[in-house]
1. Out of A:Val123, A:Val58, A:Val79, A:Val145, which single residue is buried (at least 16 other Cβ atoms within 10 Å of the Cβ), within 14 Å of chain B (Cβ to nearest Cβ), touching an Asp or Glu at 6+ places or on another chain (Cβ under 9 Å) and among the β-branched types (Val, Ile, Thr)?
2. Among the residues of region B:114-136, are any of a type in the set (A, V, I, L, M, F, W, C) and within 16 Å of ligand 1 (Cβ to nearest atom)?
3. Taking the options B:Ala119, B:Ala150, name whichever one is more than 14 Å from chain A (Cβ to nearest Cβ) and crowded, with 18+ Cβ neighbours inside 10 Å.
4. Can you find even one residue in region B:90-101 that is in contact with a strand residue (DSSP E or B) (Cβ under 9 Å, 6 or more places away or on another chain), more than 13 Å from ligand 1 (Cβ to nearest atom) and not in a strand (DSSP E or B)?
5. Return yes or no: is B:Arg232 in a helix (DSSP H, G or I), within 14 Å of chain A (Cβ to nearest Cβ) and surrounded by fewer than 23 Cβ atoms within 10 Å (Cβ to Cβ)?
6. In region B:89-111, is there at least one residue being modelled with pLDDT under 95 and within 16 Å of ligand 2 (Cβ to nearest atom)?
7. If B:Ser201 meets every condition in (1) surrounded by fewer than 19 Cβ atoms within 10 Å (Cβ to Cβ); (2) farther than 22 Å from B:Val245 by Cα; (3) within 14 Å of chain A (Cβ to nearest Cβ); (4) in contact (Cβ under 8 Å) with a residue 12 or more places away in the chain apart from one, which number is that one?
8. Among the listed residues A:Leu110, A:Leu70, which satisfies the condition of being modelled with pLDDT of 90 or more and either at positive phi or touching a strand residue (DSSP E or B) at 6+ places or on another chain (Cβ under 6 Å) (or both)?
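The values are calculated or read from the model by the stated rules, or taken from the named source; none is laboratory data. Because the structure is predicted, anything quoted here is derived from the model rather than measured. As a convention, Cβ positions derive from the backbone with ideal geometry for all residues, glycine included, and neighbour counts pool all protein chains shown.
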Amino acid sequence: MTDFHSMAKVSVGQILGLVEAVDEVGGVADAATISREVEMDVDRLGPILVAAEFLGLVTVEDGDIRITELSRKLLTAGVRERKRIVREIIDDLPAFRLVMEMARSSSTPLGRQEVVQALSDRVGSHQAEDVFNALVYWGRYAELVRYDSESEQLTVRVAQT
Amino acid sequence: MGDAQPLLQVKDVSKSYFDQGKEFKILDLIRFELAERDFVCLVGPSGCGKSTLLRIIVGLDTPTSGQVLFEGHPIRADNPQVAMVFQSFALFPWLTVAQNVELGLEALHEDPAKRRTVAKKFIDAVGLTGFENAYPRELSGGMKQRVGIARALTIEPLLLCMDEPFSSLDALTAQNLRDEILQLWSNPDLPPEAVLMVTHSIEEAVYLADRVIVLSSRPGRMVAELEIDLPRPRNRKDPEFYGWVDEIYSLIV
Ligand SMILES: Nc1ncnc2c1ncn2[C@@H]1O[C@H](COP(=O)(O)OP(=O)(O)O)[C@@H](O)[C@H]1O
Ligand SMILES: [Mg+2]
């Protein structure tokens, strides 16, 4: 769950853009080359790389970034298929499992505070907010959760496909 | 022979601004056509009149001389067959994603249930399902521009016009959205039929377009109209790709 907090500041579009850039230079490259190719300094690229590795879309070994089979599938997929692939990767993550369990054993929508508190117990309070934000962003994208920022209520949703 | 008629005809469009009796020519005799299935990019240096030309093409501005015809008729700003996406997203911060998208439909459908159904379809098409009740402040730049695109698509336009839609996004996000625009354009079940996009990025134009129209610096004149015959998906590292970029670059500088 600790790695998951790094995904709070990264978007799906950035990860796909990164994977495509590595693919275009032949499927493998070092971080400096990629940084040049995508016009992003290594500091900003770092979290995107970590997130892509976390999702199993690239491997990083001896400084070389290499795309995986899963990346190739993702690159050729349409919008809905991409969501399905990402959903399969993330619905098994501990943060999602925790929230799913909480939602199942609660008859009312989960409040933000309640979830952040539960996350704090696992990852510490300084990371809990980031994990919560990652959960909301990726959960919305993968159509696993619904979040209302006005009422600060989180619900689990039944995805369409 | 209605089928043979081009979707869009830009006929000798010129535009000048006048200040204290002095004429400032912005655009000079722009002439081109766009057919169904076309993806055309307009490139040129900053200030050469690209935005002005696009505004004239969608009927938001009038030419000093010349005319723009859509399906053979003079263009009007309220033509539901033509939609526009701006660089600046143009979202209302107090409305949710779904409400911002539905806004595109107020003039078209009185029935709110119908508006909701149509908006849902295009929210889904741009990958925003799951974010329906999010507010713009909760979205990244790429997601915001997806809202702008979904809103433009709700009117099911034949022609989608875009003015530097990706220029405020980071390079990774921009590339991802380029791919998604290509997916929408090539999907026969979804609008648009044709795309006309303004960009100052030559690389972006070569990545996206079937045809690139190159404008000179002010006043904007047509320097070249080039068919980019590279197969898709295009690879930006391909030497042939770079050949096109270099060629257009040499035309502009
Ligand atoms: N309302 C206006 N009055 C006078 N000049 C204008 C007006 N709008 C645009 N211009 C000028 O027209 C030129 C072209 O502008 P624009 O179409 O925005 O160029 P581009 O989009 O290619 O950067 C610029 O030099 C700009 O200063
Ligand atoms: Mg402009």
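1. Residue meeting the stated conditions: A:Val79.
2. No, there is no match, as no residue in region B:114-136 is of a type in the set (A, V, I, L, M, F, W, C) and within 16 Å of ligand 1 (Cβ to nearest atom).
3. Result: B:Ala119 is the single residue among B:Ala119, B:Ala150 that is more than 14 Å from chain A (Cβ to nearest Cβ) and crowded, with 18+ Cβ neighbours inside 10 Å.
4. Among the residues of region B:90-101, not one is in contact with a strand residue (DSSP E or B) (Cβ under 9 Å, 6 or more places away or on another chain), more than 13 Å from ligand 1 (Cβ to nearest atom) and not in a strand (DSSP E or B), which makes the answer no.
5. It is false that B:Arg232 is in a helix (DSSP H, G or I), within 14 Å of chain A (Cβ to nearest Cβ) and surrounded by fewer than 23 Cβ atoms within 10 Å (Cβ to Cβ).
6. Yes.
7. With (1) surrounded by fewer than 19 Cβ atoms within 10 Å (Cβ to Cβ); (2) farther than 22 Å from B:Val245 by Cα; (3) within 14 Å of chain A (Cβ to nearest Cβ); (4) in contact (Cβ under 8 Å) with a residue 12 or more places away in the chain applied to B:Ser201, the lone miss is (2).
8. Every option except A:Leu110 fails the conditions.
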